[in-house]
Amino acid sequence: MGVETITSGQNPKIKALLELQEKSKTRREKGLFVVEGRRELEHCLSAGFVPDTIFICPEIYSPSGEGVPPEGRATRDTEAGGPRAKRVVGSGTARLLKGVQPSQEGPKIFEVSRNVYEKMAYRGSTEGIIAEMRYKERRLEDIELGESPLVIVLESVEKPGNLGAVLRSADAAGADAVIICDPLTDLYNPNLIRSSVGAIFSRQVAAATSEETIAWLKANSIQILTAQLQDSSLYYDTPLTGPTAIVMGTESTGLTGIWREAADRHIRIPMLGALDSLNVSVSAAILLFEAVRQRGGRGYQN
């Protein structure tokens, strides 16, 4: 794999990456999305996604995530794109790309200067690596279920930050899958990827309509528990040890009628203050870890 150098933020490849970050339409049309940061990229590659283009800043990037040169302390070799820079690029990508399925056209690799990387990066704390990855459809039929699956279903949750936070909780609780129904945000939105810290790749995730999801859950004999205040039981009085889907809607409007009617049970988190709702990511974490507790998860005393 050859390595080319980019030193100008006006380079067409840099402009194309910035457009991918900003526009979901461009991501769909090109079948590409952007992943920023070593940890996120490792999760993405482990999930079987294929890199199209990789940009590395040798002045910042460290394969281990440690020993990154501080601002203004790049060596002469890295400033000049010299031997040390090439070694960092070579060893780093080899480690990250280990296990990627070989193809006739491997990923294109570019070395970028610090000022170009700072123009590309969504956040300054990432480790000097950004990649354009190829789209992969995320469908219900691709989800593999264990013996007693635990699934989170989100209906029309709009904010990428909330989706990302729910995905982090789902990963921490070892949930089998997260299904996003009637999504109002792009699953490959950079804000979602960033806020999930890569959990969008470490969990099985699918997007589908509510009707499709209900049919899939019933076909797999998974009980449907809807989180709602009306006509509901306290969540800790509800058995969560069997195959379970916890379904949540938006904080402002809650779930639509199709889910309320499809539910096997309605559950609620007690509200003891003046307000009657929690952030959806907080509610998801509470309910997920109640399932972990009931299932005898590590760290809980039975």
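The values are calculated or read from the model by the stated rules, or taken from the named source; none is laboratory data. Fair warning: this is a prediction, and the values are worked out from it, not measured in the lab. Neighbour counts are summed over all protein chains in view; Cβ atoms, including those assigned to glycine, are modelled from backbone coordinates with ideal geometry.
Looking at (1) modelled with pLDDT under 90; (2) more than 27 Å from Glu22 (Cβ to Cβ); (3) in contact with a strand residue (DSSP E or B) (Cβ under 6 Å, 6 or more places away or on another chain), can you tell me which one Pro183 breaks? Tallying (1) modelled with pLDDT under 90; (2) more than 27 Å from Glu22 (Cβ to Cβ); (3) in contact with a strand residue (DSSP E or B) (Cβ under 6 Å, 6 or more places away or on another chain), Pro183 fails exactly one: (2). Checked against (1) of a type outside the set (A, V, I, L, M); (2) within 20 Å of Ile179 (Cβ to Cβ); (3) touching a strand residue (DSSP E or B) at 6+ places or on another chain (Cβ under 8 Å), Ser281 passes all but condition (3). Pairing each residue of region 19-45 that is at positive phi with any residue that is part of a strand (DSSP E or B) and surrounded by fewer than 20 Cβ atoms within 10 Å (Cβ to Cβ), provided the two are 6+ apart or on different chains, yields C-beta distances under 8 Å for Gly31/Arg134. Checked against (1) without any contact (Cβ under 8 Å) to a residue 60 or more places away in the chain; (2) surrounded by 19 or more Cβ atoms within 10 Å (Cβ to Cβ), Pro190 passes all but a single condition, namely (1).
The number of residues in region 1-58 being of a type in the set (A, V, I, L, M), surrounded by fewer than 18 Cβ atoms within 10 Å (Cβ to Cβ) and within 16 Å of the chain's Cα centre (by Cα) comes to 2.
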